[in-house]
Amino acid sequence: MVSTGRPDPGLLSPQPPAPALPMTYIAVYNSVTNSLNATYVTQPVTVSQPPGDLCGAGGARYVLTGYYVNDEFTANPPVIEPGTWFATYEVEAQYQEEYLVSIVSPLPLAVNGTETTNYTAWVVAGSLLNLAIGDVYLANNTMYTPSIGNESIIVSSPINLSISWTPNYLVSVESVLPIYVNGSEVINYANWLARGSILLIEANNVVLGNGTMFKPSISNETITVNSPTTISITWTPPYYLVSIVSPVPVRVNGEATTNYTAWLRPGSTVVVNASVVFLGNGTMLMPSVGNESLTVNSPPLTWRWVGRPTT
């Protein structure tokens, strides 16, 4: 203050106020945006950074988890109080990297132990996802096989996984006697086959050593699998081998023959007519058995006719 006249010391302040000098320095670093902001403050200040989704694109994001202030962590935005002496505060925002994971399936699977058909979540980079998945069996003899098996995935990028399932059908071929399925001899065949699989069934007559033969209800069949399938092959009641041998012709069921061999069903009738045969040299052959009506009841049925010379 300036005035004219005689000086008056009472107008002078004995303690003039000290000028306000910035004594506190703050440097705030953001590693995601690679930015550094620094300033001096003379009033309390709250340091805050964007909460998340920084540089997020294509299923990646960064989520704020807290701050390091001079190497000490705090989850909340720090409040910096200016001091009476020079002080420096280095603040670094901490972000966690996360990726969007989507796993979709029309049938259930387990993701980290939780069953789901649609798993969608932001997952911390480096996390482990354990997928447990297996065949699914339905009551109608249909089995669905997934396009992947059990897997452990380390999340290092966005994941968009769609699981497909392939239908398989239970195919059974039942038989009490041997048959061939796709070239392999089996008695009862059962297997899960994918849709569109080809099944070649070959069933042949089965002849036993005692002169008995069984015939299957089907012969060669080619099947395209489009649904659960059960095939039961039945075998006709046994056929018995009938053999009639004669050195001279006889009639069997009206037909002349010297060697009749046939597989006949049980209960079948064979009519044999054997008559005296006169040879040109004055010899007559007489059969050991005359006309007969034979009923086939067991294997083998063998008749031999032997002529006897008569002078």
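The values are calculated or read from the model by the stated rules, or taken from the named source; none is laboratory data. Only a predicted model underlies this, so the values are computations on that prediction, with no experimental measurement involved. Here the Cβ positions follow ideal geometry from the backbone for every residue, glycine too, while neighbour counts run over all protein chains shown.
So which of Ala93, Ala139, Ala110 is part of a strand (DSSP E or B) and either without any contact (Cβ under 8 Å) to a residue 40 or more places away in the chain or at positive phi (or both)?
Details: Ala93 fails: either without any contact (Cβ under 8 Å) to a residue 40 or more places away in the chain or at positive phi (or both); Ala139 fails: part of a strand (DSSP E or B).
Testing whether each residue is part of a strand (DSSP E or B) and either without any contact (Cβ under 8 Å) to a residue 40 or more places away in the chain or at positive phi (or both) leaves just Ala110.
None of Gly113, Gly83 is loosely packed, with under 11 Cβ neighbours inside 10 Å, modelled with pLDDT under 95 and over 17 Å from Val63 (Cα atoms) except Gly83. Pairs linking a residue in the stretch 239-262 that is closer than 26 Å to Val206 by Cβ to a residue that is basic (Lys, Arg) and not in a strand (DSSP E or B), with Cβ atoms under 9 Å and 6 or more positions apart or on different chains, are Tyr239/Lys215; Tyr239/Arg265; Tyr240/Arg265.
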